[in-house]
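J.: Just passing along the structure, written as C-alpha cells.
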Amino acid sequence: MVICKPLKIRNILTFLLFYLISTPLWCHKKISTENWMKNLYHKLPETRLRDILIPGTNNSDSYKITNSSPLAPKTNKFFLLKKGAVSNWTRTQNLTILEQLKKGIRYVELNLMKYKGEFFSVNGLISVNLNVVLKELHMWAAKHPYEIVLINANLNLQTLSEAKGLHRAISKHIGQFLAFPLLPPGLLTFKDLWTKEKGRPLIFLAPPSFKKISPRYWNKKKVIQLNKTNSRNKKDLLEQTLYGGSGLFNQGWSKFYISELIFKPNAKTIIKSFFENGAPKSLFQLSKPLNNVPGKSISYWLEKDLSVNIIKMNFFEKTNLIATCLEANKKSLIEGGKNWH
C-alpha cells in the first residue's frame, strides 16, 4: 500500500496540472479562419455581436474590375480616356466573396445597380454579376450555419420595379438563409441567431424602403453607424477614426459600429498617377502604409477601453486585420469577456 501512495499522488498532480494548463493551451490553439465564430463562442453563446471585433472589407464585390470593365452608368466620362489606369483605383479587393469569408471576413459590402437588364456590382466600373455573388453566399451559408455574415447593400436603383426584381434575385438564392431582425444590435447575441434563427446566418442590411418588400431585411439606417473618413495620410486617418464626428470616442451603443481603415483617393490623386513618376499608380500601392496598422492601432484602442466592432479595409489579405481581430477576441475570452456598455 505504501508503494502505491506516490503513484496516486503523482496521478492527482498530473490531473491537476493538466486541468490548470488545458484552458491556456486551448486559448493558444490556432483558430480556423473559416469557423472562428463557432470555435470561439460555441461555449459562450450569450456574447453579443456588438461586443466582438468583426473584420470586414470595403467595396467587397469590386474584385472583378479590370482594365476592360465597362464604365458604370453615371460615372464621369473623363475616365474613359484612361479606363485601364482608373481600374487600378476602383478595384479594392483581390479575392471573391467566398474567398474572403473563408479567410475570416464577416462583414461585406455590395454596391449594386442594374446594367443592361441584369444586376451587377459596381464601383465606377462594372464588376461582377450579382448572381455569382449570391451563389457564393448560398454556398457559404449552407456549410457554415454558425458563421454570421453581415451584408451591407448599397443600392442604386431607379424604380420600384427594379427593387422588386432585386428582391426576387436575393430570395431565389439566399432567402432561406436570411435571419429576421430579432433585436437591436446592442442586445443581439450568438444564441439569439443560433437558436431562434437556426440555419440562417446571413444578416442583410438594406435601405428602409426594403422593409416594405420583406420583413427579412434589416433597416440599415437603424442598425449600423459608419464613421466615414476621408484621408490619404495615415496619421490623419487614425485621428479621424478616433475623434471624427462619429469616431470611436463618439460612437453610439445601440448599432453595429463600422470603422474605416482605408485611404480614399480623390481626382487629384488619380490624375497625379498618370503624370508623376513617383506617385502611387494604384489604390493597392496607396494602401500599403496601412498593412500593419490594425495590429498596432486595435491593441492601442482596446487598451483605452474603446469598443471596436466592425473594421473594414481594402486588400485585407495583405494586412494583419484578420489575425489581429481573432487574437483580440481570444484575449477577451481569456480575460473573461468584456461588455463595453
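J.: Any residue at all in region 32-47 that's at pLDDT 90 or above, in contact with a Pro (Cβ under 6 Å, 6 or more places away or on another chain) and surrounded by 10 or more Cβ atoms within 10 Å (Cβ to Cβ)?
T.: no
J.: A further question on this structure: Identify, from the list 202, 178, 238, 188, the residue that is under 23 Å from residue 307 (Cβ atoms), touching a strand residue (DSSP E or B) at 6+ places or on another chain (Cβ under 8 Å) and not β-branched (Val, Ile, Thr).
T.: 188
J.: Let me ask something else. Would it be correct to say that residue 133 is among the β-branched types (Val, Ile, Thr), buried (at least 22 other Cβ atoms within 10 Å of the Cβ) and modelled with pLDDT of 95 or more?
T.: Here the answer is yes, as residue 133 does meet what is asked.
J.: Given the structure, is residue 170 more than 20 Å from residue 52 (Cα to Cα) and touching a His at 6+ places or on another chain (Cβ under 9 Å)?
T.: Taking the combined requirement at face value, the residue does not satisfy it.
J.: Applying the selection to region 121-131, what residues are of a type in the set (A, V, I, L, M, F, W, C) and touching an Asp or Glu at 6+ places or on another chain (Cβ under 9 Å)?
T.: 122, 128, 130
J.: Go through region 276-286 and give me each residue that's surrounded by fewer than 21 Cβ atoms within 10 Å (Cβ to Cβ) and either within 17 Å of the chain's Cα centre (by Cα) or touching a residue at least 24 places away in the same chain (Cβ under 8 Å) (or both).
T.: 281, 282, 284
J.: Considering only region 79-111, how many residues are outside any helix (DSSP H, G or I) and surrounded by 21 or more Cβ atoms within 10 Å (Cβ to Cβ)?
T.: The total comes to 10.
J.: Do any helices (runs of 4 or more DSSP H) entirely within region 236-341 hold 2 or more residues that are small (Gly, Ala, Ser), and if so, which?
T.: Qualifying helices (runs of 4 or more DSSP H): 267-275, 293-303, 321-334.
J.: Moving to a separate point now. Counting only residues that are under 16 Å from residue 300 (Cα atoms) and free of Cβ contacts under 8 Å to residues at least 24 places away in the same chain, which one in region 211-241 is surrounded by the most Cβ atoms within 10 Å (Cβ to Cβ)?
T.: 240
J.: Turning to a different aspect of this structure: Give the number of residues within region 193-215 that are over 20 Å from the mean Cα position of the chain (by Cα), of a type outside the set (Gly, Ala, Ser) and at pLDDT 95 or above.
T.: 8
J.: Continuing with this model, one more query. Give region 113-122 a look and list any residue that's crowded, with 22+ Cβ neighbours inside 10 Å and either at pLDDT below 95 or under 15 Å from residue 163 (Cβ atoms) (or both), or say none.
T.: Scanning region 113-122 gives a single hit, 119.
The values are calculated or read from the model by the stated rules, or taken from the named source; none is laboratory data. Please read these numbers as outputs of a predicted model, since none were measured by experiment. Ideal geometry is used to build each Cβ from the backbone, glycine not excepted, and the neighbour counts take in all protein chains shown.
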